[in-house]
Amino acid sequence: MLTAIAVFAPLIGSAVAGLLGRAIGDRASRIATILCMIVAAVAGDAAVTLLVSGNVSTGVVPITTWIAVGTLKVSWALRYDTLSAVMVAMVTTVSMLIHVYSVGYMAHEERPVSRFFSYLSLFSFAMLMLVTANNILQLFFGWEGVGLMSYLLIGYWYHKPSACAAAIKAFVVNRVADLFFAVGIALLFFQFRSLSFSTIFTAVTQHVGVHYTLLGTSFPVLDVIGVLLFIGAMGKSAQLFLHTWLPDAMEGPTPVSALIHAATMVTAGVFLVARMSPLLEYAPAALTMVTFIGGSTAFFTATIACVQTDIKRVIAYSTCSQLGYMFIAAGVGAFQVSIFHLITHAFFKSLLFLGAGSVIHAMSDEQDMRRMGGLWRKIPVTYTVMWVGCLALAGIPFFAGYYSKDAILEAAATADTGVAHYAYVCGLLAAFLTAFYSWRLLIMTFHGISRAEPRVLAHVHESPTVMLVPVVLLAIGAAVSGFALHGLFIGHDWRAFWGTSIFALPGSHPIGRIETLPSLLKPLPTLVALLGIGTAYVFYMARPEIPEWLAERFRPVYLFLVNKWYFDDIYDTLFVRGVLRVARLSWKVGDATVIDGIPNGVALLATDSSAEVVKLQTGSLAQYAFAMVFGVVVLVAVFLVVR
């Protein structure tokens, strides 16, 4: 019952604000959506508390039959297990705080904001439907729901061409990944004759030896399905090759960035991989791909974050990098460690985004860190919570990220595959870069001499209470969630906590192997992070001329990073321009010349012919008589010739 309340309360709030917003006004719309999100958060937190205490058991809450066509029967039900309960509690709590924060952030919006709050709540509902799905098709419904709402929220300021372009880009890139996801769902049905998680997971072992044959090559069925599902996850979670939409999503309002990047859309891919753990554990090739992509993304996006100057884009690329960490954990079989980092990341990343929004609010919508500096005295609360967020992000003891990120690196280090060790090295390098760009952000924004324009600096002020309360609460979560949850999530009793919601093959498990890590390697991630902080201090406080000198000395490398490894340029050349050329050719040749040309040509021939024929209508009886006689002569001549 509590799960149903948590899931459907945001839908009610969205309907009230969306359908009745014009009638009841902005204030009532905000109150309705926030109250519904508070109800959802209380219900979600109570549900997971009761589950942990053992007062309730896992199960399925049936709603109705959704599809019944031939052998395809899909019910609509809410799956209630530890994985779902944890995700529901996180999504509702963070989303509720973002709703409250949005009241202050959108206070100066000239247009009615009832639509904005309706979209936020509907976004939350779609994510909740995704994490409580009892079958893969229902999960896909929520999956597409968050994709649609991301399009609407990223492009909320539709009067800005950049926002419209970013919304379209996010939608198109995710549709590419979703095509693979849809094919994976189809193969699941053809192979298992069901889309229900329970049926699929029970029958997995019966399909271990089954292969597909394509072009003379044999592929294990479970690996093929696992790879297809993971490509879908790559799109939602902005992994390497399908990551280009996420930084551009910063064109939306900052609360949208926090919701997309911390609690909802981007974590959907990680959740999908964890949910499918009973299948992926028997798909080693798919897990190898997950590990490789995760490690590569963690390092790749961290390098780009080091040279960004937009405060929100730095945090956006950090999100891509942290998602890479989560996939490293999933790839080596430590699915619960992956979810642990997902939860801690939700706290400190939403904190950083909302903290950045507070900075932007104080700086009259300025987002370029090169035009900031010296703000810590003017906005001390924002400065303090940003410190907490950066400490958690960098993995400094004993903040949230320290427990989850270190567990990921230890799981990768103790795995017995080459790709896992590759991911471990990428993760260590990313840990250094993460600490570096976090303190680069702090120093450029809050320390040193102010580089802001005098008119902007004169109006710098701390955010209102309605914005500060959510970020303070998130700062508390970023400080203590790792310590509070690590015993449950990845402690010795993790099997009792997670139950059957996360599967692990019998035998050695990554969490057990973590204890075998040599003691000399345990403090390495922390030492690397401290080195990154020290490097940032030298570059941007002690010797601020060094970054400019390095940019000039290593100009090609600097441009390579500034241009984001040229992925956008390559995609623009290979795909965007090619598609535009084909579209233009289809328009001018196929449509205008062939499709429209033939009927238009026939019509033109008829009109031209009629224009000439009417010239014979002169009104002269002599000409008509001559024409008739001439016609008779021709007719007789033809008759004689034919005869």
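Conditions tested, residue by residue: (1) in a helix (DSSP H, G or I); (2) modelled with pLDDT of 90 or more; (3) touching a helix residue (DSSP H, G or I) at 6+ places or on another chain (Cβ under 8 Å); (4) not basic (Lys, Arg).
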{"residue": "Leu485", "(1), (2), (3), (4)": "yes, yes, yes, yes"}
{"residue": "Arg513", "(1), (2), (3), (4)": "yes, no, yes, no"}
{"residue": "Gly534", "(1), (2), (3), (4)": "yes, yes, no, yes"}
{"residue": "Val538", "(1), (2), (3), (4)": "yes, yes, yes, yes"}
{"residue": "Ala551", "(1), (2), (3), (4)": "yes, yes, yes, yes"}
>> Just the residues that are open to solvent by 10 Å² or more (accessible area, probe 1.4 Å), over 25 Å from Ala285 (Cα atoms) and of a type in the set (S, T, N, Q), please, taken from region 413-442.
In response: none
> Within region 405-412, is even one residue at pLDDT 95 or above, surrounded by 22 or more Cβ atoms within 10 Å (Cβ to Cβ) and closer than 16 Å to Phe347 by Cα?
Replying inline: yes
> In region 132-181, how many residues are in contact with a strand residue (DSSP E or B) (Cβ under 8 Å, 6 or more places away or on another chain), part of a helix (DSSP H, G or I) and of a type in the set (S, T, N, Q)?
Replying inline: 1
> Can you find even one residue in region 199-215 that is of a type in the set (S, T, N, Q), in contact with a Phe, Trp or Tyr (Cβ under 6 Å, 6 or more places away or on another chain), more than 23 Å from Phe567 (Cα to Cα) and assigned to a helix (DSSP H, G or I)?
Replying inline: no
>> Need pairs with beta-carbon distance below 8 Å; first residue open to solvent by 10 Å² or more (accessible area, probe 1.4 Å) and within region 323-335, second not in a helix (DSSP H, G or I); sequence gap 6+ or separate chains.
In response: Val332/Ala415; Val332/Thr417
> Within region 370-390, which residues are buried (at least 20 other Cβ atoms within 10 Å of the Cβ) and in contact (Cβ under 8 Å) with a residue 60 or more places away in the chain?
Replying inline: Met372, Leu375, Ile379, Thr382, Tyr383, Val385, Met386, Val388, Gly389
> Is it the case that some residue within region 405-421 is part of a helix (DSSP H, G or I), under 17 Å from Ile311 (Cα atoms) and of a type outside the set (Val, Ile, Thr)?
Replying inline: no
>> Looking at Ser162 and the list (1) in contact with a Lys or Arg (Cβ under 8 Å, 6 or more places away or on another chain); (2) open to solvent by 10 Å² or more (accessible area, probe 1.4 Å); (3) among the polar types (S, T, N, Q), which single condition is not satisfied?
In response: (1)
>> Checking Val270 against (1) buried (at least 24 other Cβ atoms within 10 Å of the Cβ); (2) in contact with a Lys or Arg (Cβ under 8 Å, 6 or more places away or on another chain): exactly one of these is not met. Which one?
In response: (2)
> Does Val7 qualify as being within 15 Å of Ala133 (Cβ to Cβ) and either among the aliphatic types (A, V, I, L, M) or part of a helix (DSSP H, G or I) (or both)?
Replying inline: yes
>> Take Leu97 and tell me if it is open to solvent by 10 Å² or more (accessible area, probe 1.4 Å), modelled with pLDDT of 95 or more and farther than 15 Å from Ile154 by Cα.
In response: yes
> Within region 130-150, can you find the residues that are within 22 Å of Val100 (Cα to Cα) and either open to solvent by 10 Å² or more (accessible area, probe 1.4 Å) or aliphatic (A, V, I, L, M) (or both)?
Replying inline: Val146, Met149
> Taking region 185-228 only, how many residues are open to solvent by 70 Å² or more (accessible area, probe 1.4 Å) and touching a strand residue (DSSP E or B) at 6+ places or on another chain (Cβ under 7 Å)?
Replying inline: 2
> Can you name every residue in region 525-546 that is surrounded by 15 or more Cβ atoms within 10 Å (Cβ to Cβ) and farther than 30 Å from Ala411 by Cα?
Replying inline: Tyr537, Phe539, Tyr540
>> Quick check on my filter: what residues within region 349-360 are of a type outside the set (Phe, Trp, Tyr) and surrounded by 24 or more Cβ atoms within 10 Å (Cβ to Cβ)?
In response: Lys349, Ser350, Leu351, Leu352, Leu354, Gly355, Ala356, Gly357, Ser358, Val359
> Restricting region 19-47 to residues that are surrounded by fewer than 21 Cβ atoms within 10 Å (Cβ to Cβ) and closer than 30 Å to Trp498 by Cα, which is farthest from the chain's Cα centre (by Cα)?
Replying inline: Ala46
> Limited to region 553-564, what total is found for residues that are assigned to a helix (DSSP H, G or I), without any contact (Cβ under 8 Å) to a residue 40 or more places away in the chain and open to solvent by 70 Å² or more (accessible area, probe 1.4 Å)?
Replying inline: 5
> Pairs under 9 Å by beta carbon, first residue open to solvent by less than 20 Å² (accessible area, probe 1.4 Å) in region 289-315, partner among the small types (Gly, Ala, Ser) and in a loop (DSSP other than H, G, I, E, B), six or more apart or different chains?
Replying inline: Thr291/Ala415; Thr297/Ser237; Thr297/Ala238; Thr301/Ala238
> In region 391-401, what residues are more than 18 Å from Ala536 (Cβ to Cβ) and open to solvent by 10 Å² or more (accessible area, probe 1.4 Å)?
Replying inline: Pro397, Phe398
> What do you reckon, is Ala258 touching a residue at least 40 places away in the same chain (Cβ under 8 Å), in a helix (DSSP H, G or I), among the hydrophobic types (A, V, I, L, M, F, W, C) and in contact with a Gly (Cβ under 8 Å, 6 or more places away or on another chain)?
Replying inline: yes
> Pick from region 53-64 the residues that are closer than 17 Å to Ala6 by Cβ and more than 29 Å from the chain's Cα centre (by Cα): which of them is surrounded by the most Cβ atoms within 10 Å (Cβ to Cβ)?
Replying inline: Val56
> Inside region 565-575, can you point out the residues that are open to solvent by less than 70 Å² (accessible area, probe 1.4 Å) and among the hydrophobic types (A, V, I, L, M, F, W, C)?
Replying inline: Phe567
> Does any residue of region 443-453 turn out to be open to solvent by 50 Å² or more (accessible area, probe 1.4 Å) and part of a helix (DSSP H, G or I)?
Replying inline: no
> Val16 versus (1) open to solvent by 50 Å² or more (accessible area, probe 1.4 Å); (2) over 16 Å from Met129 (Cβ atoms): which is the lone unmet condition?
Replying inline: (1)
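The values are calculated or read from the model by the stated rules, or taken from the named source; none is laboratory data. The structure presented is a predicted model; accordingly, all values stated were derived computationally and were not measured. For neighbour counting, all protein chains shown are included, and Cβ atoms are generated from backbone atoms with ideal geometry for every residue, glycine included. To get the accessible areas, we keep the full protein, side chains included, count just its heavy atoms, and leave off ligands, DNA and RNA. Shrake-Rupley method; radii C 1.70, N 1.55, O 1.52, S 1.80 Å.
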